[in-house]
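Here the structure comes first, spelled out in C-alpha cells, and everything after it is commentary.
The values are calculated or read from the model by the stated rules, or taken from the named source; none is laboratory data. All values reported here derive from a predicted model rather than from experimental measurement. Positions of Cβ are generated from backbone atoms using ideal geometry, with glycine treated the same way; all protein chains shown enter the neighbour counts. Accessible surface is based on the protein model in full, side chains and every heavy atom, while ligands, DNA and RNA are left aside. Shrake-Rupley method; radii C 1.70, N 1.55, O 1.52, S 1.80 Å.
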Amino acid sequence: MDTIKTFFEGGVFIYGCMMLLMYAVLAIQSYRGIKLFRKRSSFTDYYQLLESPLTPGISVIAPAFNEGVTIISNVRSLLTLNYTRFEVIIVNDGSTDDTLDKLIHEFQLVEVDFAYNERIKTQPVKRIFKSVNTAYDKLLVIDKVNGKSKADASNAGINAASFDYFLCTDVDCIIERDTLLRMIKPFMAEDYRKVKEVGEPCPECGYVHIEEDSMRVIATGATLRIANSCEVDEGVIVRVRPPEKVLPRFQEMEYIRAYVLGKMGWSMMNSVPNVSGGLGLFDKEIAIKAGGYDHASFAEDMDIITRMNAYMIDNNLKYAIRYIPTTQCWTEGPPNMKVFSRQRTRWGRGLSEIITIHRKILFNPRYKKMGMIVLPYNLFFEFLAPIIEFTGIIYYIYLIATHQVNWLYALILLIFVYLYSVMITTLAVCWDQLTYGYYKTWREVIGLALMAFLEPLIYHPLIVFFALRGYWFFLTGKKTSWGNMQRQGFGKKKT
C-alpha cells in the first residue's frame with residue numbers, strides 16, 4: 001500500500017501536471033499557428049490555382065457501406081468541388097442496402113472496362129462504373145467485396161486513382177467547395193521552395209550550383225465539425241448550427257478543441273500524430289510505398305501516418321505533415337449511445353493496436369520526433385490516461401473509506417483541475433468563433449461553451465469507459481466490426 005500511495009500521491013500528481021503543461025503548450029502553439037496561417041492567407045489568392053497549368057490533380061476517395069440515406073446528396077457535394085483537375089472515386093464496399101442501386105440510377109452509370117492496377121492488396125473488385133452522362137465525367141464508382149473495414153475500401157480507391165495526390169474522406173461528409181484549393185496549398189508552397197541557389201559561384205563554370213533544400217509534404221489535414229442540426233441544401237452547408245441533441249453537442253465541442261488547439265499545435269512542431277480519416281490529403285507515391293492503409297487496423301488513419309513517417313525516416317528523406325485550421329469538412333456524428341459506444345470502443349482498440357504494432361518506433365531516437373515525442377505522448381497521455389484515471393478513482397474511494405482524505409486540499413485540487421479543463425475548452429470554442437465566426441449568434445457559442453462545465457461530469461466518464469472497453473476487447477481478442485453508422489441524414493434548408 002505504501003508503494004501504491006507513493007504512486008498516486010506523487011507520480012500521478014507529476015503526471016497530471018505534465019498533462020496540463022502539454023495542453024498549455026499546444027494551446028500556445030495553436031495560437032501562433034492560426035495567426036501565421038491567417039497572415040499568409042491574407043496574401044494568398046487561392047483561385048490563381050484554378051488557372052495554373054501546374055496545379056496537381058487530386059483523386060477524391062470516399063468509401064461507402066450502407067449509405068443509402070445520404071449517398072446521393074453527398075456525392076453531388078463532392079462533384080461540385082471548386083478545383084481544376086480532380087476525380088471522385090466512390091468505393092461501394094459490399095453494401096447490403098440500396099446504395100449502389102441509387103448511384104446507378106441517379107448518375108446513369110454503366111459498367112466499363114477499367115485498367116485497375118492492384119498495387120495494394122484488397123478484397124476483390126467486382127465491377128467498375130462510369131456515367132454515360134458527360135456531366136458526371138469526374139465520377140468513378142467501384143463495386144467490391146466487403147473488406148470489413150474502411151481501410152480496405154480506401155486501398156481499392158488508391159489503386160484506381162489517376163492523380164499523384166488523393167483526398168480520403170467519408171461519403172457521409174460534406175466538404176467545403178474550396179477544400180482542395182486550400183489543402184493542396186501546403187504541398188505546392190513547400191514544392192515552390194524546393195530548389196534554391198546556395199554557396200558561391202563555381203570557379204570552374206562560373207555559376208551558382210542548385211541543390212534541393214526543402215521538406216516533402218506527405219499529408220495535409222483540416223478541421224472537421226459535426227453537421228448534425230446544420231441546414232443543408234443540395235449537399236452544401238447553408239447555415240451552421242451547434243447540434244441540438246446533447247451527445248452530438250458534446251462531440252462538436254470535443255472536435256473544436258481537438259482540431260483548433262490540438263492538431264494545429266502539433267502541426268507547428270511538425271509532429272502531427274494522425275490525419276483524420278474523415279478528411280486527409282496524401283502524397284499517393286509515399287502512401288503506396290508505405291503499404292497503404294492497414295485493412296486489419298481499427299485506427300487506420302493513425303497507422304498510415306505512422307508508417308509514412310517511418311518510411312521517410314528510414315530512407316533519410318525530409319518530410320512534413322501540415323494542418324490548416326479552417327473547417328473544410330462536416331460529418332454526421334453518432335446520434336445515439338449505441339452508435340457512439342461502438343465508435344469510441346473501436347477508437348480505443350485502434351490506439352492499443354498502434355502502440356503494439358509500432359512499438360519498435362517508441363522511444364527510438366532513430367525515428368526522431370515520431371519516436372521520442374508523438375508516440376510517447378500517445379502512450380502516456382492518450383493510452384494510459386483512462387487506465388490511470390480509473391484506478392485513481394478506485395484508490396480515491398479507498399482513501400475515503402479509510403478516512404485518509406484531506407478534504408480541503410482535495411477540494412482545491414479538484415476545483416483547479418475542473419476549471420482548467422473548462423478554461424481550455426472554452427478558449428478553443430471562443431478562439432475558433434473569434435477567428436472564423438462559423439456560428440451566426442453568440443448565444444449559440446455560449447450555449448456550446450457551457451457544455452464544458454458538464455463534460456467532466458457526463459461526457460468524459462463515457463469516453464473513459466469506452467476506451468477501457470476497447471482496450472479489453474484488444475487484450476481478449478474479441479472480434480469487433482466497424483458496423484453501420486445508421487445515418488439520420490442531414491438537415492434540410494428551411495423554407
Say whether the condition of being part of a loop (DSSP other than H, G, I, E, B) and surrounded by fewer than 19 Cβ atoms within 10 Å (Cβ to Cβ) is met by at least one residue in the range 68-77.
-> yes
Filter pass, Phe298 being open to solvent by 20 Å² or more (accessible area, probe 1.4 Å), touching a helix residue (DSSP H, G or I) at 6+ places or on another chain (Cβ under 6 Å) and not in a helix (DSSP H, G or I) | yes
Whichever residue in the range 423-443 is in contact (Cβ under 8 Å) with a residue 40 or more places away in the chain, assigned to a helix (DSSP H, G or I) and open to solvent by 30 Å² or more (accessible area, probe 1.4 Å) and, among such residues, is farthest from Ile237 (Cα to Cα) | Leu427
Yes/no for Gly392 being on the phi > 0 side of the Ramachandran plot, open to solvent by 10 Å² or more (accessible area, probe 1.4 Å) and either in contact (Cβ under 8 Å) with a residue 40 or more places away in the chain or touching a strand residue (DSSP E or B) at 6+ places or on another chain (Cβ under 7 Å) (or both) | no
Within the range 301-329, tally of residues that are assigned to a loop (DSSP other than H, G, I, E, B) and in contact (Cβ under 8 Å) with a residue 60 or more places away in the chain = 2
Starting from the range 46-64, take each residue that is more than 15 Å from Arg177 (Cα to Cα) and touching a residue at least 40 places away in the same chain (Cβ under 8 Å) and list its partners that are β-branched (Val, Ile, Thr) and part of a loop (DSSP other than H, G, I, E, B), counting only C-beta distances under 7 angstrom and pairs at least six apart or across chains.
-> Thr55/Thr84; Ala62/Val171; Pro63/Val171; Ala64/Val171
Which residue, of Phe129, Phe86, Phe114, Phe107, is of a type in the set (Phe, Trp, Tyr) and open to solvent by 60 Å² or more (accessible area, probe 1.4 Å)?
-> Phe114
Test result for Ser41, more than 30 Å from Gln123 (Cα to Cα) and surrounded by 20 or more Cβ atoms within 10 Å (Cβ to Cβ) = no
Complete set of residues in the range 409-435 that are over 33 Å from the mean Cα position of the chain (by Cα) and either small (Gly, Ala, Ser) or modelled with pLDDT of 90 or more (or both) | Ala410, Leu411, Ile412
Which of the residues spanning the range 330-387 are in contact (Cβ under 8 Å) with a residue 60 or more places away in the chain and outside any helix (DSSP H, G or I)?
-> Trp330, Thr331, Glu332, Gly333, Pro334, Pro335, Asn336
All positions within the range 133-144 that are of a type in the set (Val, Ile, Thr) and at pLDDT 95 or above = Val141, Ile142
Filter the range 263-295 down to residues that are of a type outside the set (A, V, I, L, M, F, W, C) and closer than 20 Å to Gly57 by Cβ and give me whichever is most open to solvent (accessible area, probe 1.4 Å).
-> Lys289
